[in-house]
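As structure tokens, the structure follows; a few thoughts come after it.
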Amino acid sequence: MKFLKNILKVTFSNFLGFGTSFLIGFILPAVLSVQDFGYFRQYSLYISFSYFLNLGINDAIYVKYDGKNTEKLDQQELSKDFSFLLLIQTLTLFASLIISMILGDSIFIMFSITSYFIGLSTFYQNFFQATGEFNSFTLGNVIKTIFLLITLVIQIFLIKSNDYQSYIYSNIASFVLLTIYYAFIFKKKYLTKFQFVFDFKSFDLIQTGFIILLANISMTFVANIGSWIVNLSFSIEDFAQYSFQNSLLNVVLLI
């Protein structure tokens, strides 16, 4: 019964996510210009690869803590793992921001910031799922999705904003909110005595998770290969039209 409840909780969270996808995929194109919608979808395409920036650490966390008794967790070991993630995410954030500024690409700057919070929130999510803490995992996703839905509805129907960047800022804010919520639960329940500790042995997390990361990113690349080809080879308007058609196809497949 508990297993069934956990499945229903996660399913409900994903169902709310479908509402967000519907607004973005079908309503947003009517509000934004073709070019601006293309830029927004370009940002969405980039963040589908954001988890690559944590170098597989989050995948290793899932493997390492799967089935562990949370009451017997080693606080020092958990501090080392989280400290290592913070270090890697911060370094990759600065590196990607520097590259963004050299390229002069505002979309890539927003992608860099989003990726940082996605990396942190995914760490918490994987840890919660591995240890069976589905209540915190699901509630966090629900809070994030409801926040994003409300901000999208306000921007689309009340403010009627036609600036694609404002919608990207809403997406970034939703990940910031999710990260803050997860961090509060994580600190309160599992890591009450956190200290930043660097240990070279933490590189084992990359060694463990990088193979899984390569497998996941390969599947993601294959699933998005059409989008990448259109994005790199055609105009932003063509990419916008392709993305909209892809949204229609995804809804049909979902149904």
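The values are calculated or read from the model by the stated rules, or taken from the named source; none is laboratory data. Just so you know, these numbers come straight off a predicted model, no measurement behind them. Note: ideal-geometry Cβ built from the backbone for every residue, glycine included; neighbour counts use all protein chains shown. Side chains included, ligands, DNA and RNA excluded: accessible areas come from the protein's heavy atoms. Shrake-Rupley method; radii C 1.70, N 1.55, O 1.52, S 1.80 Å.
Structural remarks
- Annotation: of all residues in region 129-166 being aromatic (Phe, Trp, Tyr) and in contact with a Leu (Cβ under 7 Å, 6 or more places away or on another chain), the one that is surrounded by the fewest Cβ atoms within 10 Å (Cβ to Cβ) is 147.
- Test: residue 174 is without any contact (Cβ under 8 Å) to a residue 24 or more places away in the chain, open to solvent by less than 90 Å² (accessible area, probe 1.4 Å) and under 15 Å from the mean Cα position of the chain (by Cα): no
- Selected residue [of a type outside the set (Phe, Trp, Tyr) and touching a Ser or Thr at 6+ places or on another chain (Cβ under 7 Å)] from 214, 149, 139, 158: 149
- Of the helices (runs of 4 or more DSSP H) lying entirely inside region 17-81, those containing at least 2 residues that are in contact with a Gly (Cβ under 8 Å, 6 or more places away or on another chain) span 57-65.
- Filter result (out of contact with any Phe, Trp or Tyr (no Cβ under 6 Å at 6 or more places or on another chain) and within 22 Å of residue 44 (Cβ to Cβ)) within region 65-94: 92
- Pairs where the first residue, in region 48-73, is over 30 Å from residue 224 (Cβ atoms) and the second is modelled with pLDDT under 85 and surrounded by 16 or more Cβ atoms within 10 Å (Cβ to Cβ), C-beta under 7 Å, 6+ apart: 70/190; 73/190
- Residues of region 43-89 that are open to solvent by 10 Å² or more (accessible area, probe 1.4 Å) and among the β-branched types (Val, Ile, Thr): 47, 63, 70, 88.
- Some residue of region 119-138 being touching a helix residue (DSSP H, G or I) at 6+ places or on another chain (Cβ under 9 Å), β-branched (Val, Ile, Thr) and closer than 14 Å to residue 53 by Cα: yes
- Which numbered condition residue 229 misses (of (1) touching a residue at least 12 places away in the same chain (Cβ under 8 Å); (2) assigned to a helix (DSSP H, G or I)): (1)
- Residue within region 202-220 that is closer than 21 Å to residue 107 by Cβ and open to solvent by less than 70 Å² (accessible area, probe 1.4 Å) present: yes
- For region 183-201, taking the residues that are touching a residue at least 12 places away in the same chain (Cβ under 8 Å) and assigned to a helix (DSSP H, G or I), the one that is least open to solvent (accessible area, probe 1.4 Å) is identified as 186.
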